[in-house]
Amino acid sequence: MTEAYVKHNVIDGVSIIEFFHPQSNSLPGHILGKLAETIRMAGKDPNSNVILLKSGGDRAFCAGASFDELIAIDNEETGKVFFSGFAKVINAMRKCPKFIIGRVQGKTVGGGVGVASSCDYCFATSNASIKLSELAVGIGPFVVGPAVERKIGKAAFSELSIAAADWRSSSWAKDKGLFAETSDSVEEMDSDIDAFIQKIKSFNPEAMAEMKKIFWEGTEHWDTLLLERAQVSGTLVLSDFTRNAINSFKKK
């Protein structure tokens with residue numbers, strides 16, 4: 001696979017959304033836009049009662065923001081637009097009336113941690129270590145921060161944000177509440193996901209939609225908040241510190 005994509009299929013009452021990018025499933029702007037729109041569409045699809053969100057390939061779940069696009073940002077407005085892509089994905093997941101089940105098969109970084117945190121129930125493998133690397137490149141996890149903090153709490157979010165160069169294990173993420181279940185292999189995880197979805201897809205969709213509102217209580221202001229956070233990131237990405245740090249990461 002060499003071309004980035006977002007796919008949506010409905011199989012036996014389940015909406016399956018899959019995103020892919022050849023650079024470790026990083027998320028450039030056009031993929032973020034397609035992902036947000038696909039989630040909104042799946043939320044309205046009468047042919048499914050639950051959504052499975054996954055990424056392509058068998059390695060990284062998501063490498064976060066595209067470094068190529070980050071380094072190309074040359075003004076604050078362009079920066080805000082780019083980081084708003086993550087805001088739109090998180091808000092689409094937040095407002096979707098259906099439960100979103102996450103499938104995290106491997107490592108996830110930055111914005112990918114935000115996507116995993118926005119799932120309502122997340123499965124992962126033992127290889128699915130996580131890292132919020134934003135501070136290491138001079139930005140900070142401003143946009144994804146509310147979603148991550150909501151999921152794992154402020155103390156764990158602070159730890160993850162400050163230790164920006166360090167990975168946290170899948171078991172750490174499960175202990176903090178990011179992952180609901182972990183498995184030793186992809187095959188075992190997929191089997192567990194299938195069994196889980198077969199159970200919940202038959203639940204009353206109206207009851208699930210009402211429960212989802214309760215799960216996300218107190219986030220009604222995120223449409224504004226996350227865009228404000230995108231402005232902060234869009235400004236910081238223009239700094240010499242960030243540009244030098246990103247270039248250094250790209251050379252590794």
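Inside region 139-163, residues that are assigned to a loop (DSSP other than H, G, I, E, B), surrounded by fewer than 23 Cβ atoms within 10 Å (Cβ to Cβ) and under 17 Å from the mean Cα position of the chain (by Cα) make up a count of 3. For region 199-212, does any single residue satisfy the condition of being of a type in the set (S, T, N, Q), more than 18 Å from Ile16 (Cα to Cα) and surrounded by 13 or more Cβ atoms within 10 Å (Cβ to Cβ)? No, the conditions are met nowhere in region 199-212. Give, as residue ranges, the helices (runs of 4 or more DSSP H) completely inside region 1-114 that count at least 1 residues that are among the aliphatic types (A, V, I, L, M) and within 27 Å of Ser191 (Cα to Cα). Correct list: 29-44, 76-95.
If you go through region 70-82 and keep only what is under 21 Å from Val113 (Cβ atoms) and either without any contact (Cβ under 8 Å) to a residue 12 or more places away in the chain or touching a strand residue (DSSP E or B) at 6+ places or on another chain (Cβ under 9 Å) (or both), you end up with just Phe82. Any residue at all in region 2-23 that is in contact (Cβ under 8 Å) with a residue 40 or more places away in the chain, under 22 Å from Val148 (Cβ atoms) and touching a Cys at 6+ places or on another chain (Cβ under 6 Å)? No: zero hits. Does Gly13 satisfy the condition of being at positive phi and at pLDDT below 95? Criteria not met by Gly13. Kindly indicate whether Lys98 is in contact with a Gly (Cβ under 8 Å, 6 or more places away or on another chain), basic (Lys, Arg), surrounded by 20 or more Cβ atoms within 10 Å (Cβ to Cβ) and farther than 21 Å from Ser55 by Cβ. No; evaluated as a whole, the condition is false for this residue. If you filter region 121-132 down to residues that are in a loop (DSSP other than H, G, I, E, B) and either surrounded by 23 or more Cβ atoms within 10 Å (Cβ to Cβ) or of a type in the set (A, V, I, L, M) (or both), you find that the one that is nearest to the chain's Cα centre (by Cα) is Leu132.
In region 53-66, of all residues being of a type outside the set (Ser, Thr, Tyr), more than 13 Å from Phe82 (Cα to Cα) and touching a strand residue (DSSP E or B) at 6+ places or on another chain (Cβ under 6 Å), the one that is surrounded by the most Cβ atoms within 10 Å (Cβ to Cβ) corresponds to Phe61.
If you go through region 198-252 and keep only what is basic (Lys, Arg) and closer than 22 Å to Tyr121 by Cα, you end up with Lys199, Lys201, Lys212, Lys213. Assessment of region 208-227 against the conditions (part of a helix (DSSP H, G or I), within 20 Å of Val115 (Cα to Cα), among the aromatic types (Phe, Trp, Tyr) and in contact (Cβ under 8 Å) with a residue 24 or more places away in the chain) yields at least one matching residue.
Only residues that are part of a helix (DSSP H, G or I) and either acidic (Asp, Glu) or under 22 Å from Val148 (Cα atoms) (or both) were counted across region 228-252, and they come to 10. Looking across Thr224, Thr235, Thr219, Thr242, one residue alone is closer than 15 Å to Phe82 by Cβ, among the hydroxyl-bearing types (Ser, Thr, Tyr) and either surrounded by fewer than 18 Cβ atoms within 10 Å (Cβ to Cβ) or within 19 Å of the chain's Cα centre (by Cα) (or both). It is Thr235.
Tell me, which residue of region 1-52 that is of a type in the set (A, V, I, L, M, F, W, C) and more than 17 Å from the chain's Cα centre (by Cα) is farthest from Val81 (Cα to Cα)? Don't jump to the end; show me each part of the working.
Initially, region 1-52 is screened for residues of a type in the set (A, V, I, L, M, F, W, C), giving 1, 4, 6, 10-11, 14, 16-17, 19-20, 27, 31-32, 35-36, 39, 41-42, 50-52.
Filter once more, so that each one left must be more than 17 Å from the chain's Cα centre (by Cα): 1, 10-11, 14, 41, 50.
Numbers: Met1: 28, Val10: 31, Ile11: 34, Val14: 32, Met41: 22, Val50: 30 Å.
Per the stated criteria, the residue is Ile11.
Under the condition of being hydrophobic (A, V, I, L, M, F, W, C), out of contact with any Phe, Trp or Tyr (no Cβ under 9 Å at 6 or more places or on another chain) and crowded, with 21+ Cβ neighbours inside 10 Å, the residues counted in region 67-91 number 3.
The values are calculated or read from the model by the stated rules, or taken from the named source; none is laboratory data. The model shown is predicted, which means the values in this text are computed figures rather than measured ones. With ideal geometry, Cβ positions are generated from the backbone for all residues, glycine too; neighbour counts draw on all protein chains shown.
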